């Protein structure tokens, strides 16, 4: 955690240290009488990224419990790590006081407990990431049983979980392949648009001529080196770079490019924020909150998906079809208040990129991308907040 600059919950340094010390502590309480509405639980080993989940807790603890007790939030599983998916990240929005609450999946029109909320707030490199850390309930129960000195205190609830459990199958395999792009001092994400081309952001390649690429593809981890073919100038409003892997990536399905940008539609960001650098890309869900057009061409769009450091260059996809809408450029930072807003982010649409990509595929000439530098003043005005956006 120190290497990745993670911090959890609280505002003062002492609170942060204390919270980190107790992240792995759990208590088992016995009710005086069985509750008639006891919920069933499921193992987390079969969970998938992108699976829809429901978080339930009590924001602000005992403060106005009649108002806040049992508050529900929806989201998806953003990432999974550890043995049998012991660690779960979700973008379901939780608040302080929801620690100890449950994370549930839906099966047969019923909610089933899969995890316990550990920390609803997390910072990474001094930026709030908008994700919630959850521990698998299966891992908790297993460790309680192993540590118990006398018998099995959970035998009545432990012995008979559903052995085979699968959530609604997600479309993760249909989404564009997103790789980790590492330029040495900075790292981010990149989208494989053909077997030989990766789209990412200018600030991710950081002026380098070569970058390291890592693909998590079909249960394999592939390392490669990429040559930076093109990078927009600092004066360009479009924060874009094009990288060619030195080795072709096999079994690549060329992503379908979107032609419409519909405000309010459900979208997903696939990128290496959160735990992504070590566990493959994370997924966060939200809506396309605004699309801005010029001459009938979309030149920028915004989403409410939570994006964090490492997500720059990640894919924004239409949740229903997996179509590629664009790449993430940045989220927003209030420089005066020193506050980052992970749920307000700016994206470069494929409508801007399709023309140069098509010309390059026909002619093989990197000057096809020069059009991204020759933008109108109106385009620059739309992207005028770049200096106040937080590069990821």
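The values are calculated or read from the model by the stated rules, or taken from the named source; none is laboratory data. These numbers come from a predicted model, not from an experiment. We place every Cβ from the backbone using ideal geometry, glycine too, and count neighbours over all the protein chains shown.
Details
- Selection status of residue 387, modelled with pLDDT under 90 and in a helix (DSSP H, G or I): yes
- Screening residue 332 with (1) part of a strand (DSSP E or B); (2) within 22 Å of residue 179 (Cβ to Cβ); (3) in contact with a helix residue (DSSP H, G or I) (Cβ under 8 Å, 6 or more places away or on another chain) gives one miss only, at (2).
- Only one entry in 375, 336 is farther than 27 Å from residue 253 by Cβ and touching a strand residue (DSSP E or B) at 6+ places or on another chain (Cβ under 9 Å), namely 375.
- Identity of the residue in the stretch 53-62, assigned to a loop (DSSP other than H, G, I, E, B) and under 23 Å from residue 128 (Cβ atoms), that ends up modelled with the highest pLDDT: 58
- A single member of 352, 366, 382 is touching a strand residue (DSSP E or B) at 6+ places or on another chain (Cβ under 7 Å) and under 26 Å from residue 174 (Cα atoms), and it is 352.
- Counting only strands (runs of 3 or more DSSP E) that fall entirely inside the stretch 71-122 and contain at least 2 residues that are more than 26 Å from residue 278 (Cβ to Cβ) and not assigned by TED's automatic domain parsing to the domain that holds residue 284, the qualifying elements are 71-81, 102-107, 110-119.
- Subset of the stretch 43-62 (residues that are over 19 Å from residue 271 (Cβ atoms), in contact with a helix residue (DSSP H, G or I) (Cβ under 7 Å, 6 or more places away or on another chain) and surrounded by fewer than 23 Cβ atoms within 10 Å (Cβ to Cβ)): 43, 45, 58, 59, 60
- Qualifying positions in the stretch 356-381 - outside any loop (DSSP other than H, G, I, E, B) and crowded, with 17+ Cβ neighbours inside 10 Å: 356, 357, 360, 368, 369, 372, 379
Matching residues to (1) farther than 22 Å from residue 206 by Cα; (2) modelled with pLDDT under 90:
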{"site": "284", "(1), (2)": "yes, no"}
{"site": "304", "(1), (2)": "yes, no"}
{"site": "315", "(1), (2)": "no, no"}
{"site": "325", "(1), (2)": "yes, no"}
{"site": "332", "(1), (2)": "no, yes"}
{"site": "337", "(1), (2)": "yes, yes"}
{"site": "356", "(1), (2)": "no, no"}
{"site": "362", "(1), (2)": "yes, no"}
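Conditions tested, residue by residue: (1) modelled with pLDDT of 90 or more; (2) in contact with a helix residue (DSSP H, G or I) (Cβ under 6 Å, 6 or more places away or on another chain); (3) farther than 27 Å from residue 146 by Cβ.
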site	(1), (2), (3)
4	no, no, yes
25	no, no, no
33	no, no, yes
36	no, no, yes
64	no, no, yes
76	yes, no, yes
80	yes, no, no
92	yes, no, yes
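Results for (1) modelled with pLDDT of 75 or more; (2) under 30 Å from residue 213 (Cα atoms), shown as yes or no for each residue.
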{"position": "109", "(1), (2)": "yes, no"}
{"position": "126", "(1), (2)": "no, yes"}
{"position": "133", "(1), (2)": "yes, yes"}
{"position": "146", "(1), (2)": "no, no"}
{"position": "154", "(1), (2)": "no, no"}
{"position": "163", "(1), (2)": "no, no"}
{"position": "173", "(1), (2)": "no, yes"}
{"position": "190", "(1), (2)": "yes, yes"}
